[in-house]
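Data first, discussion second: the structure below is written as structure tokens.
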Amino acid sequence: MPEEVENNQLKKLKWRRFLIKNLLIYLAPNVIFNALIPYIVFKQQGSVQLLDGKENLIRFLLPMSLLLPFILTFDILKKTIEAALKKQFHLELHESFPKRRFIFRMASWHALLTFFTVSLFVLSLHLFMPPGYQYDITISSLFIGTLAGIYSLLFPVLSINKLKKSGHLI
């Protein structure tokens, strides 16, 4: 009995390490690249607009808001389900669990919901700002990088919580 409790505690510790490691792997590159690339592009042209101009905020913001939630959700669910099937953690899945359908449904749902939310925010911002308004390059790049960081932390956590609440865990 004490050996089983110790084994369960070890599996819970492995679970925490797994989560922290993956969150850090997602967070660092997403924040750096999603802030640095727009900054370099915007710096060359001198200013940035929301929808107008050759290089605009929407060009970086909408693809990131569609792809990043999809990729993050897909990746963390795939890794978590594989590890649960191998019984590496204290979580175990039923064999009848529809893995692929669940992963694609959650990833698509997160991506579309985020895309439409950001689209509505950008549209409302565009309607309320004066025509031709230009945004600060540094603040715009930091905003995009911060948003990428929020996505990197939010979507893996939401995905794992949804998996736990799905009722397919033993």
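The values are calculated or read from the model by the stated rules, or taken from the named source; none is laboratory data. Note that this is a predicted model, so its numbers are computed, not measured. Cβ atoms come from the backbone with ideal geometry, glycine included; neighbour counts cover every protein chain shown. Each accessible area value is taken on the protein alone, full model and side chains, heavy atoms only, with ligands, DNA and RNA left out. Shrake-Rupley method; radii C 1.70, N 1.55, O 1.52, S 1.80 Å.
Observations, loosely collected:
- Based on C-alpha pairs under 8 angstrom that are at least 6 apart in sequence, the chain has a relative contact order of 40 percent.
- When the residues GLU82, GLU92, GLU6 are ordered by accessible surface, computed with a 1.4 Å probe over the protein chains alone, the sequence from largest down reads GLU6, GLU82, GLU92.
- Solvent exposure ordering (accessible area, 1.4 Å, most first) of TYR39, TYR26: TYR39, TYR26
- Using heavy atoms of the protein chains and a probe of 1.4 Å, the accessible area assigned to HIS110 is about 20 Å².
- Cα gyration tensor, the chain - rounded (a/c under 1.5), prolate or oblate: prolate
- Taking all protein chains together and a 1.4 Å probe, the residues LEU67, LEU27, LEU93 rank LEU67, LEU27, LEU93 from largest to smallest accessible area.
- Summary: within the chain, the longest segment free of trypsin sites (Lys or Arg not before Pro) located in DSSP loops with at most 13 other C-beta atoms within 10 Å is 88-170.
- Our estimate of slack between GLU55 and LEU123, defined as 0.36 nm per intervening residue step minus the Cα-Cα distance, is 22.8 nm.
- Helices assigned as whole DSSP H runs in the chain whose Cα atoms extend at least 18 Å along their own long axis and whose mean Kyte-Doolittle hydropathy is 0.5 or higher are found at 57-85, 99-128, 137-165.
- On full extension, the segment bounded by LYS21 and ARG101 gains 26.2 nm, given 0.36 nm per residue less the C-alpha separation.
- Summarised as an ellipsoid, the stretch 77-162 has semi-axes of 38, 15, 7 Å, derived from the eigenvalues of the Cα gyration tensor scaled by 5 and square-rooted, with the largest first.
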